Amino acid sequence: MIVRHRSLLILTSVLTTGALTLSACGSRDEDKKSGDGEKTTVVIGVDAPLSGDLSAIGLGIKNSVDLAAKVANKNKEVPGVTFKTEPLDDVANASTGGQNATKLVGMKDVLGVVGPLNSNVAQSMQKTFSAANLVQISPANTNPTLTQGTKYLTSKQREFKTYFRTATTDALQGPFAAQYAYNQLKLKKVYVVDNKLTYGAGLAQTFRDEFKKLGGKVVATDHINKDDRDFGAISTKIKNSGADFVYFGGEYPNGAPLSKQIKDAGAKIPLIGGDALQSLDYVKLAGKAANGDFATSVGAPVDKLDTAKKFISDYQAGGYKEPYETYGGLSYDAAWAIIQAVKQVVNDNDGKLPSDARQKITEATQKVSFNGVTGQVAFDQYGDTTNKTLTVYQVKNGKHTPVKTGELEQ
């Protein structure tokens, strides 16, 4: 069931020198006024796996959004508005993500949401946010259908105007990996494995199509379950297949043990995958077997960007226990896009937030454009990022090292 709510704001009792009045149902709560001024709290929801196998990445998302809110408050980015975050744990589960979407919609001071990590989780949230006109920006979803529809290969169609992302799609990432494997690494035979989920299966499909188009041979295609950790049987099949490498569509909790067991079986070939393998935990779980493996990821390496220097410095100074991980910069930019949309709506409404703030903020997000942590941040007509940069990483000496950054060759 899709729950519809009116878009209201909760006033908080905070002293401020620059008062911001709020129009909601034409009335104000006198008990929440302090002195001669008011301050409005705008909450940015965060949905990510904060526990479980993918928590390393999820906590990096949460912390990066938290940092964006703190920087906005410190700089008084939107006069009269204080930003807070409301993080919810989806444990990388679609059903839980759907429940979180309903919770966030019900929190009337939530005016934007960053997340989720997993594309199948996003599918469970989109309709709920759309019905409530609540903007959602994912820093990590890469499945093309989320923005361009199930028939995106032949006829792109955007279904949800509230959904955006700062990560580019697997329509580019899969082929980017195929081109690198075939043209740069000179690998001609691949064994493809995926975890049957929206992200993994979709990524593997786009890789497979491009690799075959280039002249490569897919010697076999296989599937695993997301909870599988014993890959003895499939590792033997891979060893006997004669494949030059394995392409894996899925996340690091599967990918790391798969890589290790392939090598243990005697197949000294690299495993290549997508952005969900480009995590510190991939190397921790796979150990020495990870060396020589590859992962593509969205965007350029954050630690190599001049635009990211302040983000990295602020993150380190923020005292966060967990690293910002794969999507830290993209998460910060997603939160900052919401903050800039709020700023535009306030400026357009004489320093006030209107009663239909959620709808107005969604509309303003479509027009957002700024120089962010990961480069220029803006969205096209489908809600996709206009930044199409991708990077190939190779694990060297226990660390993901960038070996190529660029865009897909068309």
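The values are calculated or read from the model by the stated rules, or taken from the named source; none is laboratory data. Source: prediction; values computed, not measured. When we count neighbours, we look across all protein chains shown, and the Cβ atoms used for this are built from the backbone with ideal geometry, even at glycine. Surface areas here come from the heavy atoms of the whole protein model, side chains and all, with no ligands, DNA or RNA. Shrake-Rupley method; radii C 1.70, N 1.55, O 1.52, S 1.80 Å.
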Mean ellipticity per residue at 222 nm, deg cm²/dmol - from DSSP H runs of n ≥ 4 across the chain, formula -39500 (n - 2.57) = -11000 deg cm²/dmol
request  = Give the percent of DSSP beta bridges with both residues in the chain that are antiparallel, rounded to the nearest 5.
outcome  = 40 percent
Within-12-Å neighbourhood charge of Leu277 [Cβ basis; K, R +1; D, E -1] = -4
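If Phe160, Phe245 are ordered by their accessible area, calculated over protein heavy atoms with a 1.4 Å probe, which sequence runs from highest to lowest?
From most accessible down to least: Phe160, Phe245.
Rounded if a/c is under 1.5, else prolate if a/b beats b/c, else oblate: with a ≥ b ≥ c from the C-alpha gyration tensor eigenvalues square-rooted, which is region 187-286?
Judged from the Cα gyration tensor, region 187-286 comes out oblate (a/c at least 1.5, b/c at or above a/b).
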note = In terms of the alpha carbon gyration tensor, root eigenvalues a ≥ b ≥ c, rounded if a/c is under 1.5 and otherwise prolate when a/b exceeds b/c or oblate, region 228-277 is oblate
ask   = How about Lys70: which lysines have a C-alpha closer than 18 Å to its C-alpha, ignoring those fewer than 8 places off in the same chain?
value = Lys39, Lys62, Lys84, Lys309, Lys310, Lys321, Lys343
task = For an R0 of 51 angstrom, estimate the FRET efficiency from the Cβ-Cβ distance between Lys268 and Lys127 and round to the nearest 0.05.
result = 0.65
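What net charge is computed for the residues neighbouring Lys263, neighbours being all others with C-beta under 14 Å from the C-beta of Lys263, Lys and Arg scored +1, Asp and Glu -1?
Overall, the nearby charge balance is +2.
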remark   = Quick tally, 1.4 Å probe accessible area for Lys127, Lys189, sorted with the most first, runs Lys127, Lys189
request  = List, in the order given, every pair from Lys212/Lys304; Lys189/Lys237; Lys151/Lys239; Lys186/Lys268; Lys127/Lys367 whose Cα-Cα distance in the structure shown is over 25 Å.
outcome  = Lys212/Lys304; Lys151/Lys239
task = Excluding Pro87 itself, calculate the net charge of residues whose Cβ lies under 9 Å from the Cβ of Pro87, where each Lys or Arg counts +1 and each Asp or Glu counts -1.
result = -3
Highest-first arrangement of 363-369, 200-206, 259-265, where packing means the average Cβ count within 10 Å = 200-206, 259-265, 363-369
